[in-house]
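Asker: Shown below is the structure under consideration.
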Amino acid sequence: MSKLVNLFRWRRDRLERDLDRELRYHVERRIEDLIKDGLSAPEARRQANLEFGGVPQVREAVRDTWISQWLDALMRDVHYAIRNLSKSWGFALGAGAVLSLAIGTSVAIFSVVSTVLLQPLPYPDAGRIVSIETFWTNTGLSSQDVSGADFLDWQAQNTVFEKMAVSYAGKDSPTIVGDRAVFANPGYVSADFFAVFGQTASAGRLLTEKDIPVGGAMPTTAVVAYYWALTHFGGAEAAIGKTITVYGTPLQIVGVTAPEFRYPGTTDIWAPWLTSNRNRGLHDYQAVGKLKLGVPLTRAHAEMRTIGDNLARQYAENRLKTVALVPLQERLTGSVRVTLWVLMSAVGVVWLIACANIANLLLARAAGRTREIALRAALGAGRGRVIRQLLAESSVLAGAAGLAGLLLASIIVGGVVALSPADLPRIGDVRIDMTALLFALALSLMSTVVFGLVPALHASRLDLSDALKQGGSKATVSRVSTRLRSALVVTEVALSVILLATAGLLVRSFQALQHEDLGFTKDRVLVAYTEYVVREDNLVADLQIRSNFFTDVLDRLRAVPGVNAAAGVAYLGMGREPRAAQDYFIEGRPEGQPGERPQAEFHAITADYFKTLEIPILAGRDFARNDTRESQPVAIINETLARIAFPGESPVGQRIRTGTSSRAPWMEIVGLVGDARWQDPSRPAPPVIFAASTQGIGNSPSILARTSLDEASLASTLRRILNDADPTVPVKFETMEEMFDFTLRYPRFRTQVIGLFAGMATVLSAVGIFSVLAFLVGQRTRELAVRRALGARAADVIRLIVGQGLRLVAIGLVLGLAGAFTVARLLSGLLYEISPWDAVTYLGTIAVLGTAALLATLLPALRAATISPTVVLRQE
Amino acid sequence: MSIRKRADREYSAHLQGTLDLLILRTVALRPEHGQGIARAIQDQSDNVLIVDHGSLYPALQRLEAKGFLSAEWGTSENNRKARYYTLTRKGRQELIREESEWRRIATAIARILGPAPSKV
């Protein structure tokens, strides 16, 4: 680009220099004449200057003519371009449609990428906000979870942060607002939390040091999110002074945040919390900080690293950890970066194909206009003039397509936002913004250069006499032009193959994920999230009440007609609530060293859980009603755990214990069940120990029900049952299918969007092949007619044209497959159970593209076959 | 063109085409540089028409852009670099057309004005 600007500047400088020299010459010549007429030198100079009327004025007047000439030429070019394009409106429409489609998709995806990845977070000085994390030296990974004790040391020792804060993300908690029980998401934060984000309240005040409860007390104040206040109180001001009860703790609302503030995640309520310094091994906080002005990240990182390394030497628990700083924006978008860059690359490929296509169309057109251009050149139009004319045509086309594309982009953005996973950060903020607008203009301009200049340079290199000698439409296609167009078709095919193969791999991998045998049946299961609040100060009694409550609710639910089975489960998995594995011990075996003991997940469930999810019981029995707090503790394990812990023997009758506390009782294994892929269908099932929640173990259950009814109507029945039993227990519904779909949201999003692009690419390259062959047939009409006259059959002609087309396609396929292998290797991290060399995908790609190509070649070939030699040759 | 001795703005606008015609006529004889063109017009009109340089150079640029004149650097009679303007084929056609048009109008105006009063 700068080269082009320089070229203009150089041209302009030369013009200015010439003008100066010319004017100087004029004045000096006049002086000489006047001296010859007898004036003295100074007098002659005075008179000449007077006559001339001031060099600057003249120079200015000349410059004015330059500008108006340039504008005139531009207007003429544009006018001529529009006239030309409208004369061949079919071409203009086709090329415009292809280009606006390409620009539309590029701008749409760019808008998404720009909003989600590139635009700074909506906080003051967002660039200085970093996530302060635990860096595990043994795994080389950084984790957001930090220990409160570590944080307090970091805060005391560093000099690089202006403000630091921790938050402790609670899970969705039963919250009583007025007379309703709802789920709300509380976050417990330290005093400077809002200061780090530079926040002010939209009503009331934010939390201060004075709000922090001391001496183990519970907090009494809270700040709520703007939208939460809107939903529950009708406005920010109305919420101030109201009391809400979060998991049994009454909190008075003292402030409401600004509307755009949402951190961490989906927090609704922020309550003050004293940072605990008790346990260095417990990582349950997340830390953020705002760097001091002018402190670069690298310096801050180095200093924090030193502090972390010192702590590692000081404390045994810190042996394997130190500190890492990650810009908050990077942390928030980290998980979606891959998906978005994949989309961005795909859209770039579509754009390239579209450009090759347009170039091809324009090239075919330019060749068709050989005679016209040659004529204009013969009449004295310079090479620059011809190039400019052709460029003007592409510019007008690109400009119009840019506008149409922008319109299309706003539609596509709507579609992408609708398809995208709901938790894609800031997806709701995606608009076609100024950046995208500039991007569209840049794209239009670039496509002008790309597809305008190739044919322009090519056309202007014409051999004039050659072109004029040959009659207009009969002009044989120069070998250079054919080769260039063939190269473009090959490129298009190759790029399409890459995109198609990528899409194919993603689709196959997605299908594999979807059809994976999960070990349970997920359709027709209603999931109801509930939580029964248990007070610490009344623990034993409350646990019994809770157990009775759920037994009662489940019994009533099982009595509803159409309910086949129902059960409670304390943990719903599927990536919603990450579940740490626990150490386990088997009776009669050595305990092993801490850190080297085997681990398993631990789930508390009720009877009928396996029946509800249709998980087979392979040996032993299910939990039963008489497994109570008073009876012998029992456990059920899954196949994976049985394989690891009891190879070659029956687990039933053995006794097992989990590592939560050394006083935990031995549980007798009473059953063995099949594996189920709860958490992540793309990973094998982990070892699991199930315990009976009726024996007082585990958290508050949620409810699963298998039904032959419509899930929605069952949901309203269950809501009524729960409300009758205890109106303070909130409930949220979902179907198991929805829950499963949620775990696949990113693979699905990628697959859908790339599939769409691959489809577009295939259509575009088919259009490309078609246009080139159709053009070639048009050019060779006479030759083909002669062939027919000399005895060639229709089939021979078809074979000739199809052969020509398929040769290009074959070259493109080979190149594309080579490219696809390379891309597939890069993508192997996104693939599940599908090898990057998956034969089905590549065969499918070849089949799809081959069919499209065959159709694209067949149409012009059939037209060629119908050429009637008598008609064509008589016309000559 | 404005004509100094009758320096009316209306005239200069009116007579724009006239300057172009005079320039084309001047370079029709031989290639000439800007100053030479101005001097030739002045000399041949017995100093009645004095070319305003603020109009001359823009006019030259305009005519060059329209393809009536071509310009290149050459050596002047006093051995200095000067920009010489040459009439192109297109310019010659334009000159013929403009000249006949001018003569037609001049004749028409002369008819209306009647015979010039005899010199007193």
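The values are calculated or read from the model by the stated rules, or taken from the named source; none is laboratory data. Please read all numbers here as calculations on a predicted model, not as lab measurements. Every residue, glycine among them, receives a Cβ derived from its backbone with ideal geometry; neighbour counts consider all protein chains shown.
Asker: Take the residues in region A:660-679 that are in a loop (DSSP other than H, G, I, E, B) and touching a Pro at 6+ places or on another chain (Cβ under 6 Å); name whichever of them is nearest to residue A:600 (Cα to Cα).
Answerer: In the first step, residues of region A:660-679 are kept if they are in a loop (DSSP other than H, G, I, E, B); the result is A:660-666, A:674-679.
So of that shortlist, the ones also touching a Pro at 6+ places or on another chain (Cβ under 6 Å) come out as A:665, A:674.
Numbers: A:665: 17, A:674: 15 Å.
Filtering region A:660-679 for residues that are in a loop (DSSP other than H, G, I, E, B) and touching a Pro at 6+ places or on another chain (Cβ under 6 Å), the one nearest to residue A:600 (Cα to Cα) comes out as A:674.
Asker: If residue A:46 satisfies every condition in (1) touching a strand residue (DSSP E or B) at 6+ places or on another chain (Cβ under 6 Å); (2) more than 14 Å from every other protein chain (Cβ to nearest Cβ) but one, which is the exception?
Answerer: (1)
Asker: Separate question: Take region A:702-726 and flag every residue that is surrounded by 13 or more Cβ atoms within 10 Å (Cβ to Cβ), charged (D, E, K, R) and not in a strand (DSSP E or B).
Answerer: Scanning region A:702-726 gives A:711, A:719, A:726.
Asker: In region A:29-43, what count of residues is obtained for those that are more than 8 Å from chain B (Cβ to nearest Cβ) and surrounded by fewer than 18 Cβ atoms within 10 Å (Cβ to Cβ)? Walk me through how you get there before you give the answer.
Answerer: Narrowing region A:29-43 to residues more than 8 Å from chain B (Cβ to nearest Cβ): A:31, A:34-43.
Narrowing the set further to residues that are surrounded by fewer than 18 Cβ atoms within 10 Å (Cβ to Cβ) leaves A:35-43.
Within region A:29-43, residues that are more than 8 Å from chain B (Cβ to nearest Cβ) and surrounded by fewer than 18 Cβ atoms within 10 Å (Cβ to Cβ) number 9.
Asker: Now for a separate question. Just one of A:874, A:807, A:799, A:788 is out of contact with any His (no Cβ under 7 Å at 6 or more places or on another chain), buried (at least 17 other Cβ atoms within 10 Å of the Cβ) and of a type in the set (Lys, Arg); which is it?
Answerer: Working: A:874 fails: buried (at least 17 other Cβ atoms within 10 Å of the Cβ); A:807 fails: buried (at least 17 other Cβ atoms within 10 Å of the Cβ); A:799 fails: buried (at least 17 other Cβ atoms within 10 Å of the Cβ).
Every option except A:788 fails the conditions.
Asker: Further question: Would you mind finding the one in A:147, A:142 that is of a type in the set (Gly, Ala, Ser) and over 23 Å from residue A:296 (Cα atoms)? Give the derivation first.
Answerer: On the way: A:142 fails: over 23 Å from residue A:296 (Cα atoms).
Going through A:147, A:142 in turn, just one is of a type in the set (Gly, Ala, Ser) and over 23 Å from residue A:296 (Cα atoms): A:147.
Asker: Yes or no: residue A:119 within 14 Å of chain B (Cβ to nearest Cβ) and over 27 Å from residue A:763 (Cα atoms)? Outline the logic, then answer.
Answerer: Values: within 14 Å of chain B (Cβ to nearest Cβ): no; over 27 Å from residue A:763 (Cα atoms): yes.
In short, no.
Asker: Turning to a different aspect of this structure: Do any strands (runs of 3 or more DSSP E) lying entirely in region A:241-304 carry at least 1 residues that are in contact with a Gly (Cβ under 6 Å, 6 or more places away or on another chain) and among the β-branched types (Val, Ile, Thr), and which ones are they? Step through it out loud before you land on a result.
Answerer: Values: elements: A:243-246, A:249-256, A:269-272, A:285-291.
The strands (runs of 3 or more DSSP E) meeting that bar are A:249-256.
Asker: Considering only residues that are modelled with pLDDT under 80 and not in a helix (DSSP H, G or I), which ones fall in region A:859-876?
Answerer: A:867, A:868, A:876
Asker: Moving to a separate point now. Within region B:48-66, how many residues turn out to be out of contact with any strand residue (DSSP E or B) (no Cβ under 6 Å at 6 or more places or on another chain), in contact (Cβ under 8 Å) with a residue 40 or more places away in the chain and not in a helix (DSSP H, G or I)?
Answerer: Qualifying residue count, region B:48-66: 4.
Asker: Sticking with this structure for a sec: Scan region A:83-100 and give yes if some residue there is at pLDDT 80 or above, over 30 Å from residue A:422 (Cβ atoms), of a type in the set (Lys, Arg) and over 17 Å from the mean Cα position of the chain (by Cα), otherwise no.
Answerer: Scanning region A:83-100 turns up at least one residue that is at pLDDT 80 or above, over 30 Å from residue A:422 (Cβ atoms), of a type in the set (Lys, Arg) and over 17 Å from the mean Cα position of the chain (by Cα).
Asker: I'm trying to understand the selection: among the residues of region A:318-334, which are in a helix (DSSP H, G or I) and in contact (Cβ under 8 Å) with a residue 40 or more places away in the chain?
Answerer: Within region A:318-334, A:318, A:328, A:329, A:331, A:332, A:333 meet the criteria.
Asker: Can you name the residue in region B:25-48 that is among the acidic types (Asp, Glu) and surrounded by fewer than 19 Cβ atoms within 10 Å (Cβ to Cβ) and, of all such residues, is farthest from the other protein chains (Cβ to nearest Cβ)? Full working, then the answer.
Answerer: Step one: of region B:25-48, the residues among the acidic types (Asp, Glu) are B:32, B:43, B:46.
Those still in the list that are surrounded by fewer than 19 Cβ atoms within 10 Å (Cβ to Cβ) too: B:43, B:46.
On the way: B:43: 11, B:46: 16 Å.
Among those that are among the acidic types (Asp, Glu) and surrounded by fewer than 19 Cβ atoms within 10 Å (Cβ to Cβ), it is B:46.
Asker: Taking residue A:307 as the residue in question, decide whether it is under 30 Å from residue A:764 (Cβ atoms) and either over 22 Å from the mean Cα position of the chain (by Cα) or at pLDDT below 85 (or both). Spell out how you get there, then give the answer.
Answerer: Details: under 30 Å from residue A:764 (Cβ atoms): no; either over 22 Å from the mean Cα position of the chain (by Cα) or at pLDDT below 85 (or both): yes.
No, not satisfied.
Asker: If we only count helices (runs of 4 or more DSSP H) wholly inside region A:742-858, which ones have 1 or more residues that are charged (D, E, K, R), over 17 Å from residue A:504 (Cβ atoms) and modelled with pLDDT under 85?
Answerer: Here the list reads A:745-779, A:781-789.
Asker: Let me ask you something else. Can you tell me how many residues in region B:49-94 are facing chain A (nearest Cβ under 8 Å) and charged (D, E, K, R)?
Answerer: So the answer is 6.
Asker: Does residue A:139 satisfy the condition of being over 22 Å from residue A:191 (Cβ atoms), surrounded by fewer than 16 Cβ atoms within 10 Å (Cβ to Cβ), out of contact with any Ser or Thr (no Cβ under 6 Å at 6 or more places or on another chain) and of a type in the set (Ser, Thr, Tyr)?
Answerer: Working: over 22 Å from residue A:191 (Cβ atoms): yes; surrounded by fewer than 16 Cβ atoms within 10 Å (Cβ to Cβ): yes; out of contact with any Ser or Thr (no Cβ under 6 Å at 6 or more places or on another chain): yes; of a type in the set (Ser, Thr, Tyr): yes.
In short, yes.
Asker: Restricted to region B:67-79, and to residues that are touching an Asp or Glu at 6+ places or on another chain (Cβ under 8 Å) and outside any strand (DSSP E or B), which residue is modelled with the lowest pLDDT?
Answerer: Per the stated criteria, the residue is B:78.
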